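Q: Once you've had a glance at the structure underneath, I'll fire off some questions.
The values are calculated or read from the model by the stated rules, or taken from the named source; none is laboratory data. Quick caveat: nothing in here was measured; it's all calculated off a predicted structure. In this analysis, Cβ positions are derived from the backbone assuming ideal geometry, glycine residues included, and neighbour counts consider all displayed protein chains. For the accessible areas, the whole protein counts, side chains as well, though only heavy atoms, and no ligand, DNA or RNA atoms are used. Shrake-Rupley method; radii C 1.70, N 1.55, O 1.52, S 1.80 Å.
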Amino acid sequence: MRKITIFTAAAAALLAAAATAHAGSLGRPCTAAPATRWLPLEELQAKIEAQGYKVQKAKLKNACGELYTIDKSGTRVELFVDPTSGQIIGQL
């Protein structure tokens, strides 16, 4: 019974962390600037790769750059990037 309680608590903590990351990056735009001021997707990708990420896929959605990456430790990370500056706004 104790193992189930510990597992349930750990699962709840993971879901809460994922929900926090999700709420902070999805559902709202990363910028209010018009698309004419956005950097090309290739330039956003280059800025993220310069920070040590390996970009596997990139797209622009809801005024955010969504980049599916692998970080320096080999972990998959989805980054949400301001398309005007390349600044990371959130991650999952």
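Q: Classify the range 21-92: rounded, prolate or oblate, from the alpha-carbon gyration tensor (a ≥ b ≥ c, eigenvalue square roots; a/c under 1.5 rounded; otherwise prolate if a/b is larger than b/c)?
A: oblate
Q: Something else about it: Would you check the accessible area of ARG37, probe 1.4 Å, heavy atoms only, in square angstrom rounded to 10?
A: Here the residue's solvent-accessible area equals roughly 150 Å².
Q: Rounded to the nearest 10 Å², what accessible area does SER73 have for a 1.4 Å probe in the complete protein model?
A: For SER73, the solvent-accessible surface is approximately 90 Å².
Q: Sort GLU78, GLU66, GLU49 by heavy-atom solvent-accessible area, probe 1.4 angstrom, most to least.
A: Output order, biggest surface exposure first: GLU49, GLU78, GLU66.
Q: Something else now. Can you pull the one-decimal nm distance between simple spin-label points at GLN87 and TYR68, each 7 Å off the Cα toward Cβ?
A: For the pair GLN87/TYR68, the computed spacing is 2.8 nm.
Q: Another question, if that's okay. Checking the cross-link filter: which aspartates and glutamates have an alpha carbon closer than 20 Å to that of LYS61, excluding same-chain neighbours under 8 positions apart?
A: GLU42, GLU43, GLU49, GLU78, ASP82
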